[in-house]
Amino acid sequence: MVEERDLERVSNAKQPLDLMINSSVVTGALGLGMALVGLVWPPAPGEASAWLLEGGLVSILWALAYGFYALSIPRAVAWGETVKAVFDLYRWQLLDRLRIDGRPESMDEERALWLRVGGHMLFGRMTTYRPLEYCKVQPVAPESEQAPIDPERH
């Protein structure tokens with residue numbers, strides 16, 4: 001349904017986000033682990049340089065974790081925009097595949113329809129929107145996926 005190049009765009013937009021989030025988690029966990037080790041096995045009371053070194057390393061790791069987190073925010077926005085763009089390109093095919101009856105005739109109707117679809121997907125019957133109406137007919141497959149018509153069946 002979605003072309004390969006569009007799926008690749010979504011994947012390429014998500015890779016930097018994954019890198020930043022993973023880097024943030026790893027550096028934050030390393031900083032926490034180092035702080036816990038320092039609390040369980042502290043340096044000798046007279047070794048101020050060891051305390052400063054350990055505290056400095058923990059601070060640097062936590063600062064890096066925050067920096068990676070801050071860098072992940074614009075990447076999350078870019079990935080979300082890419083997903084929204086691909087969704088907009090293929091929204092009519094998605095309605096057909098979901099067998100949702102009726103096409104909206106205005107932007108307000110379309111927005112209301114997608115709110116209902118989203119509520120149904122997230123919450124099922126718990127949603128306050130009226131239930132979705134499904135088509136009785138199967139959606140038409142793209143020409144590449146259509147089987148030849150069998151005259152015996154029709």
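Would you confirm whether any residue within the range 48-67 is more than 30 Å from residue 135 (Cα to Cα), of a type in the set (S, T, N, Q) and modelled with pLDDT of 90 or more?
Start the filter on the range 48-67 by keeping residues that are more than 30 Å from residue 135 (Cα to Cα), which leaves 48-67.
If we keep only those that are of a type in the set (S, T, N, Q) too, we end up with 49, 59.
When the remaining residues are screened for being modelled with pLDDT of 90 or more, the result is 59.
The answer is yes, given that some residue of the range 48-67 is more than 30 Å from residue 135 (Cα to Cα), of a type in the set (S, T, N, Q) and modelled with pLDDT of 90 or more.
Residue pairs, Cβ under 6 Å, 6 or more apart or interchain, first in the range 42-60 and surrounded by 12 or more Cβ atoms within 10 Å (Cβ to Cβ), second assigned to a loop (DSSP other than H, G, I, E, B). List them.
Partner pairs satisfying both residue conditions: 50/43; 51/43.
Inside the range 1-47, can you point out the residues that are farther than 28 Å from residue 81 by Cα and either touching a Pro at 6+ places or on another chain (Cβ under 8 Å) or acidic (Asp, Glu) (or both)?
47
Could you list, in sequence order, the residues of the range 1-18 that are in a helix (DSSP H, G or I) and among the charged types (D, E, K, R)?
Taking the range 1-18 as the starting set, the residues that turn out to be in a helix (DSSP H, G or I) are 4-18.
Once the filter is applied, which keeps residues that are in a helix (DSSP H, G or I) and among the charged types (D, E, K, R), the range 1-18 yields 4, 5, 6, 8, 9, 14, 18.
Whether any residue in the range 95-115 is within 26 Å of residue 135 (Cα to Cα), in a helix (DSSP H, G or I) and touching a residue at least 60 places away in the same chain (Cβ under 8 Å) is what I want to check.
Checking the range 95-115: at least one residue is within 26 Å of residue 135 (Cα to Cα), in a helix (DSSP H, G or I) and touching a residue at least 60 places away in the same chain (Cβ under 8 Å).
Yes or no, residue by residue, for (1) in a helix (DSSP H, G or I); (2) more than 27 Å from residue 16 (Cβ to Cβ); (3) in the same structural domain as residue 18 (by TED's automatic domain parsing); (4) basic (Lys, Arg):
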| site | (1), (2), (3), (4) |
| --- | --- |
| 42 | no, yes, yes, no |
| 53 | yes, yes, yes, no |
| 63 | yes, no, yes, no |
| 69 | yes, no, yes, no |
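Quick check on my filter: what residues within the range 84-109 are surrounded by 11 or more Cβ atoms within 10 Å (Cβ to Cβ), over 22 Å from residue 14 (Cβ atoms) and modelled with pLDDT of 90 or more?
The one that is surrounded by 11 or more Cβ atoms within 10 Å (Cβ to Cβ), over 22 Å from residue 14 (Cβ atoms) and modelled with pLDDT of 90 or more: 109.
The values are calculated or read from the model by the stated rules, or taken from the named source; none is laboratory data. What you are looking at is a predicted structure, and each value in this text was computed from that prediction instead of being measured. As a convention, Cβ positions derive from the backbone with ideal geometry for all residues, glycine included, and neighbour counts pool all protein chains shown.
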